Amino acid sequence: MKILLVRHGETDYNKNRLIQGHSDIELNETGRNQATEAGKKLTEHNIDYAFSSPLKRAVETTRLMLDNSNNNQNISKEIITDERLIEKFFGVFEGSTFEEYFSALDAQEGLESIEKDEDVYERVNSFFNEQYLKYKDETILVVCHGALIRIFLTAVGVYPNTTTLVDNTGLNILNYDGQEFILEKFNI
């Protein structure tokens, strides 16, 4: 199964360096432009199924990318939302600045309200395993969130040895054979 794994476009929370998590924040104008432009990344890919986190920023990114892909198979494709693709829950830190969040991590304060990385990995891995059973010879588009992508790619051992985070509308191309994930391209 070929997986086109994409982070959503920019929101005002991204721009202002605020923690989003489950907060349902819409794309800003820059994010809409990013998603429209990122559609070109899909031109050479015939997408069989398109999946998205149910959060507005991911669904809108998915729609804009598909409809601006210059590929008739992708345009107007149905988007299937799945709760397992929602961003990591950051608990009491949603809406906080990155600085406030990282200070709390350093001080080990308030962390009990945050979803554990292992739990994020388990739900995303169950999503991909379920899709593999249905669509093992297909190409799927999955639009979701930065922390979720980093956690998942790290857990399966393919996140590059870099401090680079996945950009807004960054595309990661993976192949999955039901056993192993192979990262072909990162953050393009």
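Would you confirm whether or not segment 110-120 contains a residue that is without any contact (Cβ under 8 Å) to a residue 60 or more places away in the chain, buried (at least 18 other Cβ atoms within 10 Å of the Cβ) and in a helix (DSSP H, G or I)?
Yes.
Determine whether Glu83 is open to solvent by 80 Å² or more (accessible area, probe 1.4 Å) and under 17 Å from Val6 (Cα atoms).
Yes, satisfied.
I need every pair where a residue in segment 1-26 that is basic (Lys, Arg) has its Cβ under 9 Å from the Cβ of a residue that is part of a strand (DSSP E or B) and open to solvent by 70 Å² or more (accessible area, probe 1.4 Å), sequence separation at least 6 or different chains.
Within 9 Å, the pairs are Lys2/Glu184.
Among the listed residues Glu78, Glu26, identify the single one that is open to solvent by 40 Å² or more (accessible area, probe 1.4 Å), farther than 18 Å from Val166 by Cα and more than 17 Å from the chain's Cα centre (by Cα).
So the residue among Glu78, Glu26 that is open to solvent by 40 Å² or more (accessible area, probe 1.4 Å), farther than 18 Å from Val166 by Cα and more than 17 Å from the chain's Cα centre (by Cα) is Glu78.
Mind counting the residues in segment 29-56 that are free of Cβ contacts under 8 Å to residues at least 60 places away in the same chain and buried (at least 21 other Cβ atoms within 10 Å of the Cβ)?
Matching residues across segment 29-56 total 1.
Scan (1) of a type in the set (Val, Ile, Thr); (2) open to solvent by less than 70 Å² (accessible area, probe 1.4 Å); (3) more than 13 Å from the chain's Cα centre (by Cα) for the single condition Val92 breaks and write down its number.
Failed condition: (2).
The values are calculated or read from the model by the stated rules, or taken from the named source; none is laboratory data. Just so it is clear, the structure is predicted and the values come from calculations on it, not from any experiment. Backbone-built Cβ (ideal geometry, glycine too); neighbour counts: all protein chains shown. Surface accessibility is based on the protein's heavy atoms, side chains included, excluding ligands, DNA and RNA. Shrake-Rupley method; radii C 1.70, N 1.55, O 1.52, S 1.80 Å.
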